[in-house]
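The values are calculated or read from the model by the stated rules, or taken from the named source; none is laboratory data. Bear in mind that the values here come from a model prediction, so they are computed numbers and not experimental data. Virtual Cβ from ideal backbone geometry, glycine too; neighbours counted across all protein chains shown. In case anyone asks, the SASA skips ligands and DNA or RNA and just uses the protein heavy atoms, side chains included. Shrake-Rupley method; radii C 1.70, N 1.55, O 1.52, S 1.80 Å.
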Amino acid sequence: MTIIFDSIVIGAGQSGLATAYYLKNKGLKYLVLEKSNQTAGSWPLYYDSLKLFSPVQYSSLPGLRFLGDIDLYPTKIEVMSYLNTYAQKFELNISTGKTVTEVLKTKELFLIKTEEGELFKAKTIISATGSFDSPDVPNIMDIETFHGEIIHSSQYLNPEPYVNKRVIVVGAGNSAVQIAYELREKSQVTLATREPIKFIPQRILGKDIHYWFSATGLDYFPFANKLAFNTSVIDRNIFKRAIMNNNPDRRDMFVSINKYGVTWESDEEEKVDTIIFATGYQPNVNYLYPLQGALDEKGIPVHQEGASTSNKGLFYVGLPGQRSFSSATLRGVGKDAKYIVNKVKALL
């Protein structure tokens, strides 16, 4: 007999875990489907040196404090450990190794198909798959003619493969700047950006910026969610100082790509070994295409504060700017998960 769940959550990263926590607390019959073999989201795939932008004090999911010095910034390994521990501690109902390929809808139920040939049924669906598997690489003329290496920042792990190479990192956000900064010791690296890089101080008046977000309630001010798409770089005056000293240097975006490299605005042609596009991601929700009106023409979810406007019973947790500019972060996703689960409970 097929089990009909009150809700199925797709994805067991930070968003899915926080959602499962509240579903369990509400006494709902739920299941989390996760394609990988663990419950750490995309963190195992990020570059080795990545740290959270928020300190331990502001980096916990609901119900479990992130242990450690409150002013330290957790490493990739520490975040992975925390997320896996979270799933185990609360004994969340998670099925790993389940890749969702398609979500269909009958009159009353959602049908969830997996790559493994399974079929699940639920009254509601909560999409919490993030965007790491859907990197956004700009369509640049003649990019396919380039004989060097082109990767997205999602494929970058550490500087070792780029020793003594000429590397261009494209992008003006946190990942672009951090990767270029890390590469500068091993490579000849340039940051290529369309506009000058904007910096936000990590600490203001001796307090981390996240303290001020929390103390002022800025997260949930009207229109604060639009800040989620801001490309400013959070900095303790390390990156800004390095770029001002041209180590790494920043240049205006190249105008074209050729067989061996790029052409700059000055018409200078330069040989390049590797181009790394740190140009962000798109939501990883292709499995929702069968649901009419769920996604717009660009594949972006159509929703109001995480609730689908076209498909009753379809919800999201962890989208950038979903309800605040911290919606897609470890420190902010818990509030959105609670809000969405309350919506689910009211619908059932």
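Details
- Taking a straight line from the alpha carbon of residue 259, these lysines sit under 18 Å away, with near neighbours fewer than eight places off in the same chain left out: 165, 271.
- Inter-centroid distance (Cα atoms) of the stretch 144-209 relative to the stretch 55-78, Å: 25 Å
- Surface exposure of the chain, expressed per residue as accessible area with a 1.4 Å probe, stands at 49 Å².
- Accessible area per residue was computed with a 1.4 Å probe on protein heavy atoms; residue 129 scores about 40 Å².
- Net charge dipole size for the chain [Lys, Arg +1 and Asp, Glu -1 on Cβ; Debye, nearest 20]: 1500 debye
- Values of log10 I(q)/I(0), in the order q = 0.10, 0.21, 0.22 Å⁻¹, for the stretch 1-98 under a Debye, Cα-only, solvent-free model: -0.28, -1.04, -1.11
- √(5λ) per eigenvalue of the Cα gyration tensor, the stretch 156-217, largest first, Å: 30, 13, 9
- Long-range tail of P(r) for the stretch 204-345 (Cα pairs > 23 Å, %): 56 percent
- Alpha-carbon centroids, the stretch 249-284 and the stretch 79-138: separation in whole Å: 36 Å
- Normalised convex hull volume, the stretch 89-203, alpha-carbon set, Å³ per residue: 257 Å³
- Once C-alpha pairs closer than 8 Å and six or more residues apart are averaged by separation and normalised to the residue number of the chain, the relative contact order reads 22 percent.
- Computed magnitude of the charge dipole of the stretch 244-348 (debye, nearest 20; Cβ of K, R +1, Cβ of D, E -1): 1060 debye
- Signed unit charges on C-beta, dipole axis of the stretch 135-220, positive-most listed residue 188, 155, 140: 188
- Prolate/oblate/rounded call for the stretch 120-262, Cα gyration tensor, a/c under 1.5 rounded: oblate
- Counting only DSSP beta bridges with both residues in the stretch 1-99, the antiparallel share comes to about 20 percent.
- Summarising the strand pairing of the chain, around 40 percent of its internal DSSP beta bridges are antiparallel.
- Rg/Rg_globular for the stretch 275-348, with Rg_globular taken as 2.2 N^0.38 Å and Rg from C-alpha atoms: 1.19
- Quarter the surface of the alpha carbon convex hull of the chain and you get the mean projected area, 18.9 square nanometres.
- Relative to its residue count, the stretch 239-304 spans a Cα convex hull of 184 Å³ per residue.
- Under 20 Å of direct C-alpha separation, and excluding same-chain neighbours fewer than eight residues apart, residue 51 reaches these aspartates and glutamates: 69, 71, 78, 133, 160, 182, 185, 208, 235.
- Along principal axes, Cα extents of the stretch 57-119, largest first, whole Å: 50, 23, 19
- Accessible surface of the chain, 1.4 Å probe: 50 percent of it comes from carbon and sulfur atoms.
- Using C-alpha pairs under 8 Å with a sequence gap of at least 6, the mean separation divided by the residue count of the stretch 1-152 gives a relative contact order of 31 percent.
- For the stretch 61-140, a simple Cβ point-charge model (Lys and Arg +1, Asp and Glu -1, everything else neutral) yields a dipole of about 400 debye relative to the Cα centre.
- Peptides 170-179, 148-157, 265-274 ranked from most to least packed give 170-179, 148-157, 265-274, packing being the mean of other C-beta atoms within 10 angstrom over each peptide's residues.
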